Amino acid sequence: MIDKKAIEEHIRGILVALGDDPNREGLIDTPKRVAQMYEEVFEGMNYTNEEIAHMFDKTFSEDYRSSSSDVVLVKDINVFSYCEHHMALMYDMKALYQAESVQDAVALRVAHPDAQIIAGGSDVLVQMREGKRAGVELISIYGLDELRGVTLEADGTLRIGSLTSFSHITRDPLIQKYLHVLGEAVDQVGGPQIRNIGTIGGNTCNGVTSADSASTLHAYDAIVELTGPDGIRRQPIREFYIRAGKVDIRPGEIQTAILIEKDSYIDTFGHYIKYAMRNAMDIATLGTSVNVRLSADKKTVERARVAFGVAGPVPLRAAAAEELAAGQPVSLELADRFAQAVKEDINPRDSWRAAKDFRMHIAVESARRAFIEAVKLAGGDL
C-alpha cells in the first residue's frame, strides 16, 4: 500500500532542501496535496497485471500460459506512465525504449526511426503534456553516463558530452578556465530546475535560434559530434543548423558531444548578453556572444568573433564586423564601428516579442557592450 504520511514527510523535506518554508501559507497543504496526487497516479502499483486485466475486463477465456506457446501481442496501446528517471508524468506515449549504450541507442534509432530522443526532458515532456507529441515513441538516453562531463583531449580540444547539464557546464573547472562565457550563457537558461536537467545536446538538437548556448557555440566554431550506423560524423555547428527548428541529424544518429578546438578558445575572452522581456526564466528576444583575442601588448585586436541568436532563422555570425575588427587598435571608436557593422549580416524578424527594427537596435547595442566587456576581460584598456 502507498504510505501517504511518509510521502508528506518527504515532500516537506524536499521543500526545506529547496530553501523554502513548508509552514508558510502557500505551502502548508502542499505535502498533503502531493501525497494525494501520488496515491492516485501510482494506484496501479497496488495490483498485479492480472488483477488490472480483470478490473478492466481485458482477459482471455483460454489459458494461453498452459495451453499454448504462441505469443499474444496487443499493439498500439497509448501509455500514460511515470518516468522513473525524472519522477515526471509521461503523457500519451506509444512506447518507451531505454538505451543501454551509445550503440544501443543507434540501433534503437534505426529500428524506430520516428521515435523521439529524450534525455533531460525539459522540452519533450512539456510538448507531450501539451498534446503536441501525442502517441509518440521515446528513446531514453538518460542513463548513458559516458555522454556526461567536460574533458580536455590530447590535442587541447574541449569535449562536452551531449548529456552534460547546464548546471554542470557552469560549474565545471575546464569551462571556467577556458570557456567561461559558455557557462555564463547557459546559466541564463530558465530557472535552477531546468538548468539541472536540461542538457547541451537537447539545447542544440532542438534547432531553435533562441537557445542560450547557440550563439556562443557559433562564436567559438563549435563542432557537433554525431554517432550513427556508419560511425562517428563531425560537423561544424554552422552547418548543423539547417533552418528554424531543423538540424542535420541523419537516420539512426544521435548527438554525442560538442567539441571546441584549442585554436578557437585559447587566449580568447568572451561575453554573452541576453535580452529578454523578463530578467529571468524567459526566452531570449536576442542573444549576443562576442569573444576577442588581443595582441601580447593588449593594444590590438588579433581576432574578434560575434554571433547572434534570434537575429535570423538560425544562429548566425556577423562576418563583416569580425573582418572590420581584425588587426585594429583597441578603442571605443572601434567598438562603435564593430557594432554598426553587424547590421550587414543579420536579418531579425518581426514577432510578438519584438519588432524587427527593435531587434536590430538591440543587436547593435549588445554587440558594442559585449565587445567592450570582452576586450576588458582580455586585458585591454578602454
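The values are calculated or read from the model by the stated rules, or taken from the named source; none is laboratory data. Bear in mind the structure is a predicted one, so any value in this text is a computation, not a measurement. Don't worry about glycine lacking a Cβ; one is built from the backbone with ideal geometry, like all the others, and counts go over all protein chains shown.
Of everything listed in (1) surrounded by 14 or more Cβ atoms within 10 Å (Cβ to Cβ); (2) hydroxyl-bearing (Ser, Thr, Tyr); (3) without any contact (Cβ under 8 Å) to a residue 24 or more places away in the chain, the single unmet condition for THR151 is (1). Can you find even one residue in the stretch 321-340 that is touching a Leu at 6+ places or on another chain (Cβ under 8 Å), among the aromatic types (Phe, Trp, Tyr) and under 23 Å from ALA214 (Cα atoms)? For the stretch 321-340, residues touching a Leu at 6+ places or on another chain (Cβ under 8 Å), among the aromatic types (Phe, Trp, Tyr) and under 23 Å from ALA214 (Cα atoms): present.
Per the listing THR199, THR209, the residue uniquely under 28 Å from GLN127 (Cα atoms), touching a Ser or Thr at 6+ places or on another chain (Cβ under 7 Å), buried (at least 16 other Cβ atoms within 10 Å of the Cβ) and of a type in the set (Val, Ile, Thr) is THR199.
Yes or no: TYR91 within 30 Å of VAL208 (Cβ to Cβ), surrounded by 15 or more Cβ atoms within 10 Å (Cβ to Cβ) and modelled with pLDDT of 75 or more? Considered against the rule, which asks whether it is within 30 Å of VAL208 (Cβ to Cβ), surrounded by 15 or more Cβ atoms within 10 Å (Cβ to Cβ) and modelled with pLDDT of 75 or more, TYR91 comes out as no.
Residue pairs whose Cβ atoms lie under 8 Å apart, sitting 6 or more positions apart in sequence or on different chains, and linking a residue in the stretch 331-344 that is assigned by TED's automatic domain parsing to the domain that holds ASP381 to a partner that is of a type in the set (Lys, Arg) and in a helix (DSSP H, G or I), are ALA335/ARG368; ASP336/ARG368; PHE338/ARG368; ALA339/ARG368. Taken over the stretch 315-366, the criterion of being in contact with a strand residue (DSSP E or B) (Cβ under 8 Å, 6 or more places away or on another chain), over 21 Å from TYR272 (Cβ atoms) and either of a type in the set (S, T, N, Q) or crowded, with 21+ Cβ neighbours inside 10 Å (or both) is satisfied by GLN328 alone. Against the list (1) within 19 Å of the chain's Cα centre (by Cα); (2) surrounded by 18 or more Cβ atoms within 10 Å (Cβ to Cβ); (3) not aromatic (Phe, Trp, Tyr), the condition PRO236 fails is (2).
Would you mind stating whether ALA257 is surrounded by 18 or more Cβ atoms within 10 Å (Cβ to Cβ), in contact with an Asp or Glu (Cβ under 8 Å, 6 or more places away or on another chain), more than 30 Å from VAL102 (Cβ to Cβ) and not β-branched (Val, Ile, Thr)? Answer is no for this residue.
Residues that are under 31 Å from the mean Cα position of the chain (by Cα) and surrounded by 12 or more Cβ atoms within 10 Å (Cβ to Cβ): which helices (runs of 4 or more DSSP H) entirely in the stretch 4-58 hold 3 or more of them? Before you say what the answer is, go through the steps one by one.
Details: elements: 4-17, 30-41, 49-55.
Those helices (runs of 4 or more DSSP H) span 4-17, 30-41.
Annotation: GLY252 fulfils all but one of (1) in a strand (DSSP E or B); (2) crowded, with 16+ Cβ neighbours inside 10 Å; (3) of a type outside the set (D, E, K, R); the unmet one is (1). Determine, yes or no, whether THR216 is buried (at least 19 other Cβ atoms within 10 Å of the Cβ) and hydroxyl-bearing (Ser, Thr, Tyr). Against the criterion (buried (at least 19 other Cβ atoms within 10 Å of the Cβ) and hydroxyl-bearing (Ser, Thr, Tyr)), THR216 qualifies. Set side by side, the residues LEU259, LEU294 differ, and just one is out of contact with any Phe, Trp or Tyr (no Cβ under 7 Å at 6 or more places or on another chain) and farther than 21 Å from VAL224 by Cα, which is LEU294. Pairs meeting the criteria (first residue in the stretch 271-287 and at positive phi, second residue of a type outside the set (Val, Ile, Thr), beta carbons under 9 Å, at least 6 apart or on different chains) are MET281/GLY190; MET281/GLY191.
Which residues, counting only those in the stretch 108-157, are of a type in the set (Gly, Ala, Ser) and not in a loop (DSSP other than H, G, I, E, B)?
Passing the criteria: ALA111, SER140.
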